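Before any comments, here is the structure.
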Amino acid sequence: MSEKVIIEKKSAVMPTYNRFPIALTKGKGSYVWDDNEKKYLDYTAGIATCNLGHVPDVVKTATEEQLNNLWHCSNLYTIPAQEALAEKLVKNSSGDQVFFCNSGAEANEAAIKIARRYAQQVNKTARYEVVTFNQSFHGRTLATLSATGQEKIQTGFQPLMPGFRYLPYNDIEALEDLIHPETCAVMLELVQGEGGVIPAEPDWVEKVVRLCQENDVLVMVDEIQTGMGRTGTLFAYQQFDFEPDVISVAKGLGSGFPIGALIARNNVAKAFDPGSHGSTFGGNPLATTAGLATIKEMTETDVLEKAIEQIAYLWTKLEDLNTKYDQILDIRGRGFLIGIEISGKAIEYVTKARESHQLLLLVAGEKVIRILPPLSTTREEIDQAVGVLDQLFAEIN
Ligand SMILES: *Cc1c(COP(=O)(O)O)cnc(C)c1O
């Protein structure tokens, strides 16, 4: 028998993910259904992507209309939805201009490119180095995995791209080594998502920003997981006392439609001129229509105000669990980006939550249960989820 026959029963999809053994076929609001019509409360939001819940009406209506008109045209023409989405993004952030792409990795790739180009073409220096932090996650392309401060993401892909240096996160003393003569930018997450849900200390962020400003080094925030309302404000940096030079966004930007964006201040944005960067699909009519409907909902309605109330409610409930159970070592995060560090194995809780309680959760590393409710979640759903967690902590010891 040939090897082909033996492996034939396996999926034709490469095993880059450890997939859970259910197939989701429908979603609405905070809920999803599998192909057996089993209903789950989804507190993963497609990994911080479906921030308005599944199939939000406003985005559905807008994209349906766009589907009837024009799906794609190249960036050689003006794309009205792209212009409007860019306007919205700059109006609601520290940036002045936007470059559109299709994913988070591509947004960070563009950030790394614009930082080098700004240093070399605008500032006329020979700087190229981007400093990032241990446990960070910036993507899976060669440049962005080189930027990522996690060995497991890099293993087997050597040689890495040169031009990155990593420092310990939240370590004020280590910042003495932040800026070298070749450093052109610092890239950071304000809550490290994939790295274990570790929130940045405000004092530390303040010092990073001050050192960068004193040395004409760009501050680039990776808001791919923290952005689009996830932490209670449109961007997480808005809860700190600084304005970044460059912001990367993706995940929540299109409510599930693939789109990424790089937002930069004028002085930096001008480093990209015709021919210096591009993307065939980036900012296409369908994707930017989904993005425009999403950001309108977040900035023109009370979605964020309501989310802030539910965030406070969920955190109080989680604090109660924290005092009740010894196996909870830490509860941390910001807004609706929450990690519960436990003494056991996080995957055991996540599996049992799904199989026995129809609640979808995530892990972040081995010991952290990650909870990412949609911003639109209700008090009743929070009670349901916390009730499940309570039961799980009582059952698993
Ligand atoms: C998910 C994520 C990325 C990568 O985004 P992709 O769309 O998967 O390429 C980069 N940075 C952060 C902080 C992320 O959470």
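Computed from the coordinates by the stated procedures, all read-outs in this text should not be read as laboratory data. Here the structure is a predicted model, which is why all the values come from computation and not from measurement. Cβ: placed from backbone, ideal geometry, glycine included. Neighbour counts: every protein chain shown.
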Given the Cα-Cα distance of GLN154 and LYS91 and 0.36 nm per residue of separation, how much length would full extension add, in nm?
19.0 nm
For the chain, find the longest principal axis of its Cα atoms and tell me its angle to the long axis of helix 57-69, 0 to 90°, nearest 10.
60 degrees
How much net charge surrounds LEU175 when only other residues with a Cβ under 10 Å from its Cβ are counted (Lys, Arg +1; Asp, Glu -1)?
-2
Simple spin-label model, 7 Å along Cα-to-Cβ: ASP320 to ASN36 in nm?
3.2 nm
To the nearest 0.05, how large is the calculated FRET efficiency for ALA126 and LYS26 if R₀ is 56 Å and r is the Cβ-Cβ distance?
0.55
Classify the range 57-300 from the C-alpha gyration tensor, please: rounded if a/c falls under 1.5, else prolate or oblate depending on whether a/b exceeds b/c.
prolate
Full extension between MET14 and THR280 adds, at 0.36 nm per residue less the Cα distance, a length in nm of 93.2 nm
If each residue's Cβ is checked for other Cβ atoms within 10 Å, how do VAL55, VAL90 rank with the fewest at the top?
VAL55, VAL90
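Any idea what diffusion coefficient the range 1-150 gets from Stokes-Einstein, in µm²/s, Kirkwood Rh on alpha carbon pairs, 4 °C, 1.567 mPa s? Spell out each step's value before the answer.
Values: Rh = 20.1 Å.
Answer, rounded: 65 µm²/s.
Using a Förster distance of 45 angstrom, determine the FRET efficiency expected from the C-beta separation of LEU70 and LEU142, and round it to 0.05.
0.85
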Too-long pairs where the Cα-Cα distance tops 22 Å, listed order kept, from LYS26/LYS367; LYS28/LYS60; LYS324/LYS367; LYS124/LYS270; LYS10/LYS345; LYS10/LYS38:
LYS26/LYS367; LYS10/LYS345; LYS10/LYS38
Normalised by the residues of the chain, what does the relative contact order come to in percent, with Cα pairs under 8 Å and at least six apart?
23 percent
Arrange the following residues from fewest to most other Cβ atoms within 10 Å of their Cβ: THR183, THR299.
THR299, THR183
Residue-ordered couplings for the range 142-147, obtained by feeding phi - 60° into the Karplus form 6.51 cos²θ - 1.76 cosθ + 1.60 and rounding to whole Hz (Gly and Pro as x), are 4, 5, 6, 6, 5, 6
What ranking of GLU65, GLU109, GLU206, GLU129 emerges when the number of other C-beta atoms within 10 Å of each C-beta is taken as an exposure proxy, fewest first?
GLU65, GLU206, GLU129, GLU109
So for R0 = 41 Å, FRET eff. of GLU395-LYS60 from the Cβ-Cβ r, to 0.05, ends up at 0.60
Would you grab the residues whose amide H sits under 5 Å from the one on GLY53? Only those 5+ places off in sequence or on another chain, please, with H modelled 1.01 Å from N.
LEU375, SER376
Quick one: 3J(HN,Hα) in Hz for the range 309-315, Karplus 6.51/-1.76/1.60 with θ = phi - 60°, rounded, Gly and Pro as x.
4, 5, 4, 4, 5, 4, 4
